[in-house]
Amino acid sequence: MRLTDEQRALRETAADFAAEHLAPHAVEWDQAKHFPVDVLRKAAELGLGGLYLPEEVGGSELGRLDGVLVFEALATGCPSIAAYVSIHNMVATMIDRFGTDDQRHRYLPRMSTMDAMGSYCLTEPDAGSDAAALSTRARRDGDEYVLDGVKQFISGAGTSDVYVVLARTGGPGARGISAFIVDRDTPGVSFGPNEAKMGWNAQPTRQVLFEGARVPASAILGGEGVGFAVAMSALDGGRLNIAACSLGGGEAALGKAVRHLTERSAFGAKLVEAQALRFRLADMRTGLEAARTLLWRAADALDQGDDNATQLSAMAKRLCTDTGFDVANDALQLHGGYGYLTEYGIEKIVRDLRVHQILEGTNEIMRVIISRRMLREAS
């Protein structure tokens, strides 16, 4: 697939931003668990806070292929920050697609500038892959809904201003779920401690607790019983973006490995002169290129409204997140003991990319989606 001049320029802009504003600070942010809100707002000045939103609300009106170019480039600087920008854009896109005019114009201009940041509240302590089993409830009380429940593993929680929350308004199963837009300062909303995590330390991850939290009836997104459709609508795009973040992290790790092998000597020769190590580099490059080709195909399918877009997105998410992690892990190995040291930045990339195989639907769930479509077509 040939990129347009505009797409190449977009990718270069995002890569330059990552090199200047993300990469030099990535290890420090990881160690300090620092969430660089000021830097995120600088990214928004380039149009990255509302990638898919229409211009009328401050958005950039980009397509999904454009988006994966951006997220891969951002992730070369810091996969954790790139992934949060993806989540923020996913929340904004939900509001744009399902929101009323009042909701859209209330939230989206501020989200485009990232003056208001977004978080997505689906997962619960006992409902992850089985999203339809969520138990957070929203009870209608006159002109309000009262929310009670706990959301788990919420990126940006406590810092974000806008939360799209999935809660049960009806009976069991997907049809009983509705979506709500909840502001951070709503009485009855509180947050757990910042989780101690293996990676993604540059963005906070907390529980979001709802204890009699009252929101106006106008906060419902898309109407009662539409929540599961709201949630599922965002997943294909979210999976493509996290796949792109994995490739960006893998690409950064591969670059570090090539430099290390070129600079370091052993047994009287540069490490890069060893054929076995050259072959390993070749396999890493091939894996990234193959995964990127599938990712671009899946993103184009989503842009074109292709009926096969969901299956292709699942394939791309599975392959890219596995490949990105494997390449980063191999890059660590090629560094020897230096790869295990924080200052080299490799171990941070490995830790960040590991969770990509879990979130946006585990890679086991991706296989379920892929095989389900295959078997339906075969019957």
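The values are calculated or read from the model by the stated rules, or taken from the named source; none is laboratory data. Because the structure is a prediction, the values reported are computed rather than measured. Note that we place each Cβ from the backbone using ideal geometry, even for glycine, and neighbour counts take in every protein chain shown. Heads up: the accessible areas ignore ligands, DNA and RNA and are worked out on the full protein's heavy atoms, side chains in. Shrake-Rupley method; radii C 1.70, N 1.55, O 1.52, S 1.80 Å.
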Just the number, please: carbon plus sulfur as a percent of the accessible area of segment 204-336, 1.4 Å probe, no ligands or DNA/RNA counted. 51 percent
So which chymotrypsin sites (Phe, Trp or Tyr not before Pro) in segment 304-379 end up in coil per DSSP with only 10 or fewer other C-beta atoms within 10 Å? none
Overall form of segment 58-97 per C-alpha gyration tensor (a/c, 1.5; a/b vs b/c): oblate
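At a Förster distance of 22 Å, what's the computed FRET efficiency of Lys33 paired with Asp115, Cβ-Cβ distance as r, to 0.05?
0.45
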Computed over the chain: relative contact order in percent, which uses C-alpha pairs under 8 Å that are six or more apart: 17 percent
Provide the gained length on full extension for the span Arg137 to Gln304, in nm with one decimal, where the gain is 0.36 nm per separating residue minus the Cα-Cα distance. 56.5 nm
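Quick one: putting +1 on the C-beta of Lys and Arg, -1 on the C-beta of Asp and Glu, what dipole do you get for segment 234-379 around its Cα centre, in Debye to the nearest 20?
It comes to approximately 280 debye.
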GNM top mover of Gly188, Gly250, Gly238 - the chain, alpha-carbon springs below 10 Å: Gly188
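At 222 nm, what value in deg cm²/dmol follows for the chain if DSSP H runs of at least 4 each add -39500 (n - 2.57) and the sum is divided by all its residues, to the nearest 500?
Computed ellipticity for the chain at 222 nm equals -16500 deg cm²/dmol.
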If you work out mean projected area of the Cα convex hull in nm² from the coordinates, which of (i) 19.5; (ii) 16.2; (iii) 17.5 do you get? (i)
Where the centroid of each part is defined by its Cα atoms, how far is segment 276-312 from segment 1-79 in Å? 20 Å
Once amide H atoms are placed 1.01 Å from N in the peptide plane, what residues at a sequence separation of 5 or more from Gly158, or on another chain, have their amide H within under 5 Å of its amide H? none
Residues whose modelled amide H sits under 5 Å from the amide H of Phe191, counting only those 5 or more places away in sequence or on another chain, are Leu209
Take the Cβ-Cβ distance between Glu20 and Arg97 as r, set R0 to 30 Å, and report the resulting FRET efficiency rounded to the nearest 0.05. 0.35
In nm, spacing of pseudo-spin labels at Tyr340 and Ala196 (7 Å Cα→C-beta vector): 2.1 nm
By the C-alpha gyration tensor axes a ≥ b ≥ c (rounded if a/c is under 1.5, else prolate when a/b exceeds b/c, else oblate), the shape of segment 311-379 is prolate
Between the residues Thr159, Leu46, Gly339, the Cα farthest towards the positive end of the dipole of the chain, that dipole coming from +1 and -1 charges on the beta-carbon of Lys, Arg, Asp and Glu, is from Gly339
Can you spot the lysines whose alpha carbon is less than 23 Å from Lys42's alpha carbon? Ignore those fewer than 8 places along the same chain. Lys33
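Under 1.5 on a/c is rounded, so check that first for segment 213-302, then, if it is not, pick prolate when a/b is larger than b/c and oblate when it is not; a ≥ b ≥ c are the square roots of the alpha carbon gyration tensor eigenvalues.
Since a/c reaches 1.5 and a/b is larger than b/c, the shape of segment 213-302 is classed as prolate.
Accessible area per residue, 1.4 Å probe, Å², for segment 280-340: what's the number?
43 Å²
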Estimated inter-spin distance, Asp185 and Arg8, nm [label 7 Å along Cα→Cβ]: 4.8 nm
State to the nearest 20 debye the size of the charge dipole of the chain about its Cα centre, where the only charges are +1 on K and R beta carbons and -1 on D and E beta carbons. 940 debye
Under the 0.36 nm per residue contour assumption, what length would be gained going from the current alpha-carbon distance of Ala174 and Met374 to full extension? 69.7 nm
Sort Ile365, Ile242 by heavy-atom solvent-accessible area, probe 1.4 angstrom, most to least. Ile365, Ile242
